[in-house]
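One structure is given below, encoded as C-alpha cells.
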Amino acid sequence: MGKILGNLQQVQTIMASTNGLSNAHLKQPLFSFGVITDVQYADIPDGHSFLGVPRYYRHSIQVLQRAVSNWNNLKKLKFSMNFGDIVDGFCPKDKSLTAVQKVLDEFNNFHGPLHHMIGNHCLYNLLHSDLTALFNIPSLHGEAYYEFSPSPEYRFIILDAYDISVLGRPCDDPRASAAFRFLEEKNPNSDKNSPVGLAGLEKRFLMFNGAVGKKQLEWLDNVLKESTEHGQKVIVGCHLPLDPNSATPAALLWNYEEVMEVIHRYRCVKVCFAGHDHKGGYSVDSHGVHHRVLEAALECPAGSDAFGYVDVYHDRIFLVGTDRMASTEMIFES
C-alpha cells in the first residue's frame, strides 16, 4: 500500500509541475531549453526591493544550482538561457567581478550551451563591454544582441535592452549621452529612477531601463526578414518586457513600441520572453504574439525555486515551470 501511495504522490507531483498543461505536451518536442532569470546573487544579508518585496541574495545562487542540476538530469535540453541580472546592484563593488565569476561558474556546470542577456544589475557592477566578453556573447563588433538557430524551423533573437543606456558605459560614450538626453526630456525628477509625476506608461522612463538603438532595430528587421524568407518561427529574448499587458509600466523597455512595430511587420515571431519584472507575467498581443515575463530566482525564500524548461513544437511551446515559475502553454495562431 505504501508503494502505491508513493507512486500516486509521484503522479500527482508530475501533474502539479505542469500546472494544467494539455496532454499535447506528452508528444516528443522538436527540442527543449532551460530558462532562469534575475538570480541577482550577492554575498550580503537578505533585503527588500524599493516596494518592500523580500529578496534573498545568498539563497538565489542555490536556486541556480538546483536549476542546473534539474536541467542536466533532464538529459534532453539543447541549451539554456539566462535572461539577465546574475548579480545584484548591492553587491560590494570590490567584489563585483568575483561575484559574476562565481555565478558564471555555476551556470557553466550545465552540460550544454548557454545564452546570456545583460540586465541592469549586471551593469551596476561591470561595464557593458566587460560583460559581453565574460558572457561569451557571440555577436559581431562586441554588441550584446545576437541570434542563433537551434533547428531549421526556429530562430532565436536576443535583444540588448541596454543598447541605449546610462548604465555600464563611459559618460562620453555616444549611447550613454543619448540616454542622458532622453531621460532629461522624459523624466523631470533629479533622481532618474523616480517615477514621481510620471503617469501610466510614462513610468518606464527610468534610469534602470534602457532602449534598443537604431542600428539594432535595423539588424532586427533584417533578421526577421531573413527568417520569414526561410519559413522560420522566431522566439525573442530580452531582459526588459516588450508588452504593457505582461508587466508593470516601470519595467518596460523605453522604446518597446518601436521594437514591436518592427516585430509586427512580420508573422514569424511567436513568443517574446523577458525578465526584470520579478513577479512574472503573461499576455498575448493584438498580433497574436505571446509575451512571457519569467519569475525571478532572487525572490525565492529558502526551500522554493523559480526556473524551468521549454518544450518546443511545430505549433506551440510549453514552459514547464518549477515552483514559483508558473507553467504556461503558448499556442501559436495559424
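The values are calculated or read from the model by the stated rules, or taken from the named source; none is laboratory data. Treat the numbers as computed from the prediction; the structure is a model and nothing was measured. Counting neighbours? That spans all protein chains shown, and the Cβs are built from the backbone with ideal geometry, glycine included. The accessibility values were calculated without ligands, DNA or RNA, using every heavy atom of the protein model including side chains. Shrake-Rupley method; radii C 1.70, N 1.55, O 1.52, S 1.80 Å.
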Exercise for the section: State yes or no: is residue 84 crowded, with 18+ Cβ neighbours inside 10 Å and assigned to a loop (DSSP other than H, G, I, E, B)? Expected result: yes
Handout entry: Some residue of the stretch 207-219 being closer than 20 Å to residue 293 by Cβ and charged (D, E, K, R)
Key = no
Completion exercise
A careful count of residues in the stretch 171-197 that are part of a loop (DSSP other than H, G, I, E, B), in contact (Cβ under 8 Å) with a residue 24 or more places away in the chain and either of a type in the set (Ser, Thr, Tyr) or open to solvent by 50 Å² or more (accessible area, probe 1.4 Å) (or both) gives 1
Completion exercise
When residue 252 is run through (1) more than 16 Å from the chain's Cα centre (by Cα); (2) within 22 Å of residue 206 (Cβ to Cβ), the failure sits at (1)
Handout entry: Residues that are in contact with a strand residue (DSSP E or B) (Cβ under 7 Å, 6 or more places away or on another chain), open to solvent by 30 Å² or more (accessible area, probe 1.4 Å) and closer than 19 Å to residue 83 by Cβ, drawn from the stretch 219-248
Key = 245
Exercise for the section: Answer yes or no: is there a residue in the stretch 294-308 that is of a type outside the set (D, E, K, R), more than 23 Å from residue 59 (Cα to Cα), in contact with a strand residue (DSSP E or B) (Cβ under 9 Å, 6 or more places away or on another chain) and buried (at least 23 other Cβ atoms within 10 Å of the Cβ). Expected result: no
Fill in the blank from the handout: Within the stretch 11-34, of all residues that are at pLDDT 85 or above and surrounded by 14 or more Cβ atoms within 10 Å (Cβ to Cβ), the one nearest to the chain's Cα centre (by Cα) is 34
Practice task
Quick one: which residue in 78, 102, 95 is at pLDDT 95 or above, open to solvent by 10 Å² or more (accessible area, probe 1.4 Å), assigned to a strand (DSSP E or B) and not polar (S, T, N, Q)?
Solution key: 78
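Matching residues to (1) more than 23 Å from residue 115 (Cα to Cα); (2) buried (at least 23 other Cβ atoms within 10 Å of the Cβ); (3) over 16 Å from the mean Cα position of the chain (by Cα):
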{"position": "36", "(1), (2), (3)": "no, yes, no"}
{"position": "39", "(1), (2), (3)": "no, yes, no"}
{"position": "44", "(1), (2), (3)": "yes, no, yes"}
{"position": "50", "(1), (2), (3)": "yes, no, yes"}
{"position": "59", "(1), (2), (3)": "no, no, yes"}
{"position": "62", "(1), (2), (3)": "no, no, yes"}
{"position": "66", "(1), (2), (3)": "no, no, yes"}
{"position": "69", "(1), (2), (3)": "no, no, yes"}
{"position": "72", "(1), (2), (3)": "no, no, yes"}
Exercise for the section: Return the residue satisfying two criteria in turn: it lies in the stretch 146-170 and is of a type in the set (Ser, Thr, Tyr) and assigned to a loop (DSSP other than H, G, I, E, B), and of such residues it is surrounded by the most Cβ atoms within 10 Å (Cβ to Cβ). Expected result: 162
Problem - From the options 167, 201, 183, 206, residue that is out of contact with any strand residue (DSSP E or B) (no Cβ under 9 Å at 6 or more places or on another chain) and under 22 Å from residue 146 (Cα atoms) - result: 167
Handout entry: Pairs where the first residue, in the stretch 103-122, is in contact (Cβ under 8 Å) with a residue 40 or more places away in the chain and among the aliphatic types (A, V, I, L, M) and the second is buried (at least 19 other Cβ atoms within 10 Å of the Cβ) and in a strand (DSSP E or B), C-beta under 8 Å, 6+ apart
Key = 103/41; 103/87; 117/81; 117/82; 117/158; 117/237; 117/238
Problem - Flag if residue 208 is under 19 Å from the mean Cα position of the chain (by Cα) and either assigned to a helix (DSSP H, G or I) or of a type in the set (A, V, I, L, M, F, W, C) (or both) - result: yes
